[in-house]
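Data block below; observations after.
The values are calculated or read from the model by the stated rules, or taken from the named source; none is laboratory data. Everything numeric in this text was worked out from a predicted model, so none of it was measured. Glycine gets a Cβ as well: all are built from the backbone with ideal geometry, and neighbour counts include every protein chain shown.
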Amino acid sequence: MARTGKTGADAIFKAVKRICLVLSHYSGKLDRVITAATTADVITSAQAATIRAFIASANGACAILELLADYSGFDTNP
C-alpha cells in the first residue's frame, strides 16, 4: 500500500465519498424525479439520458476512488 501522506487528498476523498453515499442512497428517488420531469416536459429525453449517464459515471468514479483510497492509505471514514 502506498502512503501519500497528508496532501489534502484525504479531505477531498471524504467529501466526494459523502456525495457518493448520498447519490447511492437516493438514486431510486432521483430516477423517479427524472422520469416525472421528462413526462411533464420539464426536461427532454436527451437531458434525462445525459443526467442518467452522469449518475452512472459518478457511481463508476466512486468505485475507482475507493480503489485509490485503499491503495494510497487514505482515511476513508466520512
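Candidates in the range 14-31 are the residues that are over 30 Å from SER45 (Cβ atoms) and under 11 Å from the mean Cα position of the chain (by Cα); of these, the one that is modelled with the highest pLDDT is ARG18.
Have a look at SER24, SER57 and point out the one that is hydroxyl-bearing (Ser, Thr, Tyr), in a helix (DSSP H, G or I) and surrounded by 12 or more Cβ atoms within 10 Å (Cβ to Cβ).
Details: SER57 fails: surrounded by 12 or more Cβ atoms within 10 Å (Cβ to Cβ).
Being hydroxyl-bearing (Ser, Thr, Tyr), in a helix (DSSP H, G or I) and surrounded by 12 or more Cβ atoms within 10 Å (Cβ to Cβ) holds for just one of SER24, SER57, which is SER24.
Filtered by the rule that a residue be surrounded by 12 or more Cβ atoms within 10 Å (Cβ to Cβ) and either under 26 Å from GLY8 (Cα atoms) or hydroxyl-bearing (Ser, Thr, Tyr) (or both), the range 27-49 gives SER27, THR35, THR38.
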